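Only one structure is covered here, and it is reproduced in the block below.
Read-outs throughout are calculated quantities, based only on the coordinates presented, and are distinct from any laboratory measurement. For clarity, every value in this text was computed on a predicted model and none was experimentally measured. Please note: Cβ atoms are built from the backbone with ideal geometry, for glycine as well, and neighbour counts cover all protein chains shown.
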Amino acid sequence: MIQTIASTHADFVSIPQLYKWCSIPAEELPLRSDLRLPYRQVADAQILGSLMAEELAAVIENNNQHGLITRAIVPCGPKCWYEPFAALVNSRSISLKNLSVFHMDECLDWQGRLLSRNHPYNFRTFMEQFFYGPVRAELSVPEGQRYWLTPATIDSVRDAIAAAPIDITLGGWGQDGHVAYNQARRTPFHHLTLDDLRNSTVRIQENNLDTLIALAHRSFGAAYQFVPPMSVTLGLRECFSARKIRVYSDTGAWKQTALRVALFSDPVPEYPITLLQTHPDAMIAATLETARHPISENPDWELI
């Protein structure tokens, strides 16, 4: 049962606490006794991708053996898991005929419209090429069981998720700890509480400026002009409805601080990923590069 968070929690992490968490050497993180989430740290993206692929494959195989359908919420990224997942499916002849895939989010232009097919942030194009494409045709997920999230499908996807339990949510996290596009709000005119975040549902939204800048740096040489400014996303209500949640990252500096906050902070609206602590079966995994932090590697810095 999901824990209810009292509204008395702070809205932001304190700077002294953040400095303390970011000062911990990466190698020590898996050994800490004060982690607020189960945590797995691996050497590199190849190992992380195999871990992520095996997690979903195991759920599907177990359900197939018992004649059960599998319902999974799946992200577009991290990229490291698509090839190992297809390899597992093809080598073990794992049938995906009873798998329903709910795609986590999609990017939109400034008018809330879908992007052109060959835009690098068109998630459907990417998933068709790298998630569905490499799987043998006789094993593949039927077209009717691929739930693409668009402005036109908001209600139907929400209803389909609510109709039966989700077995597993896979995901990553953003620079502010957003899972799917469930970001912390930056506007001074509208404040989100922890309950607001936890009960958020499928919606269209403008993305935060820091999200746009992070994506610009990651993909476009900091040309923020090409980053899609809006998105349609599952809410945390849908993502957290799964029996288990597994989030992963191999993208290094962009995710380092949010990882520390997820592992050590009380739930806080500033970092939505902290609400994973309220789920009965959630786990976070990261590469060593993502677990590193420049503050831990520069103890001579005087920041506070």
Built amide H within the under 5 Å cut-off of A285, gap 5+: R40, V247, Y248, S249
Return the Cα extents of the chain along principal axes one, two and three, sorted largest first, each rounded to a whole Å. 59, 43, 41
Checking D34, D250, D109 against a Gaussian network model of the chain (alpha-carbon springs below 10 Å), the top fluctuating residue turns out to be D34
Added length on full extension, which subtracts the Cα-Cα distance from 0.36 nm per residue, I15 to N90: 22.2 nm
Highest-MSF residue in the chain out of E143, E55, E106 [GNM, Cα springs under 10 Å]: E143
Derived scalar couplings ³J(HN,Hα) [the stretch 59-73; Karplus, 6.51 cos²θ - 1.76 cosθ + 1.60; whole Hz; x for Gly, Pro]: 5, 5, 4, 4, 5, 4, 5, 9, x, 10, 6, 10, 10, 10, 8
Quick one: net charge of R186's neighbours, Cβ under 13 Å, K/R +1, D/E -1? -4
Summing Lys, Arg as +1 and Asp, Glu as -1, what charge do residues with Cβ under 12 Å from the Cβ of A152 carry, A152 excluded? -1
Compute the Cα gyration tensor for the stretch 26-144, then decide on rounded, prolate or oblate, letting a ≥ b ≥ c be the square roots of its eigenvalues: rounded whenever a/c is under 1.5, prolate when a/b is larger than b/c in the other cases, and oblate in all that remain. oblate
With R₀ set to 30 angstrom, the calculated FRET efficiency between the beta-carbons of L68 and M283, to the nearest 0.05, is 0.85
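For the stretch 128-252, what class follows from the C-alpha gyration tensor (a ≥ b ≥ c being the square roots of its eigenvalues): rounded when a/c is under 1.5, otherwise prolate if a/b is larger than b/c, else oblate?
On the way: a/c = 1.80, a/b = 1.24, b/c = 1.45.
The shape class here is oblate.
In the chain, what is the count of Lys pairs whose alpha carbons are under 26 Å apart, counting only pairs at least 8 residues apart or on separate chains?
6
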Hey, fewest Cβ within 10 Å first, where do R71, R117, R237 land in order? R117, R237, R71
What residues have an amide H closer than 5 Å to that of R71, excluding those fewer than 5 places away on the same chain, when H is modeled at 1.01 Å from N in the peptide plane? S100, D167, I168
Near the amide H of L108, under 5 Å away, which other amide H atoms are found, from residues 5 or more places off or on another chain, if H is placed in the peptide plane? M230, S231, V232
Quick one: length gained pulling D34 to F220 fully straight, 0.36 nm per residue minus the C-alpha distance? 63.2 nm
I'd like the distance between the alpha-carbon centres of the stretch 230-260 and the stretch 198-219, rounded to an integer number of Å. 12
Could you work out how far the C-alpha centroid of the stretch 149-189 sits from that of the stretch 99-120, in angstrom? 13
Most fluctuating residue of V13, V247, V101 in a GNM of the chain with Cα springs under 10 Å: which is it? V13
